[in-house]
Amino acid sequence: VDLEEHTLVGVVGGEKKAGAYQVVYNLAAQLATQNCYTDVKMAFITRDEKYNGQDAWSFTEWLPHVWSQNKKSRYVALEPSQASDVCYDLTQMLRQRAEEASAPGATPQKFNPHYVLFVEDESLLEGELINKYIYGKDQRLGITTILMAEKYADLPNTCECIIQNDGDYQGIFNVKSGRNNGTCIH
């Protein structure tokens, strides 16, 4: 999945999002091992769920990719009460990028670092100002949001790129072209 091209990616995992956890863990591992923390930043907004009897997200605190540029905060919300702090920090950065992009005479640019925001449950974003940047289709501000869901219907309509890993389908597809034109993975 080209994370610079797709600003919103849904990961469908079936019951209790089991398949979504597998995909998201693989994405996070690939990002961390193949990108320097100065080029890619990761943020995690989670519910502190258990996956296979383990803390689902405790590994995130050890990734150098989760630290803010100034190294004063970590973009990891392991419980809903911490989500607002992570969203606030990211919103400030995105607002600054949006101002730069819309300045008179500004040319389209590729922002660095690229941010990848993993969201375990979309309800954790309710009422957050960052939604303006996550769901805004026309903005290329150097952020990709990965939304986890049990089923396709749980994802917002603006989510066109889907990675599905459940009993019905395993692969990547675009909503507009459908599963038949996607990449099936067996």
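The values are calculated or read from the model by the stated rules, or taken from the named source; none is laboratory data. Worth saying up front: this structure is predicted, and the values here are computed from it rather than measured. Note that each Cβ is placed from the backbone with ideal geometry, even for glycine, and that neighbours are counted across all protein chains shown. Note: areas computed on protein heavy atoms with side chains; ligands, DNA, RNA excluded. Shrake-Rupley method; radii C 1.70, N 1.55, O 1.52, S 1.80 Å.
Points to keep in mind about this one:
- When 183, 145, 107, 91 are checked against the criterion of being surrounded by fewer than 20 Cβ atoms within 10 Å (Cβ to Cβ) and touching a Leu at 6+ places or on another chain (Cβ under 7 Å), a single residue qualifies: 91.
- Screening residue 68 on (1) within 23 Å of residue 149 (Cβ to Cβ); (2) hydroxyl-bearing (Ser, Thr, Tyr); (3) modelled with pLDDT under 95; (4) under 17 Å from the mean Cα position of the chain (by Cα) shows it passes everything except condition (1).
- Within region 14-36, residues that are at pLDDT 95 or above and among the polar types (S, T, N, Q) reach partners that are part of a helix (DSSP H, G or I) and open to solvent by less than 50 Å² (accessible area, probe 1.4 Å) with beta carbons closer than 8 Å, at six or more positions or on different chains, in the pairs 35/65.
- Complete set of residues in region 7-50 that are touching an Asp or Glu at 6+ places or on another chain (Cβ under 9 Å), buried (at least 19 other Cβ atoms within 10 Å of the Cβ) and part of a loop (DSSP other than H, G, I, E, B): 13, 46
- Annotation: of all residues in region 148-168 being open to solvent by less than 40 Å² (accessible area, probe 1.4 Å) and part of a loop (DSSP other than H, G, I, E, B), the one that is nearest to residue 39 (Cα to Cα) is 159.
- Selection count where residues are at pLDDT 90 or above and either open to solvent by less than 80 Å² (accessible area, probe 1.4 Å) or not in a helix (DSSP H, G or I) (or both), scope region 71-88: 12
- Residue in region 142-177 that is farthest from residue 122 (Cα to Cα), counting only those that are in contact with a helix residue (DSSP H, G or I) (Cβ under 6 Å, 6 or more places away or on another chain) and hydrophobic (A, V, I, L, M, F, W, C): 173
- Filtered residue count, region 138-166, keeping only those that are closer than 20 Å to residue 47 by Cβ and of a type in the set (Lys, Arg): 1
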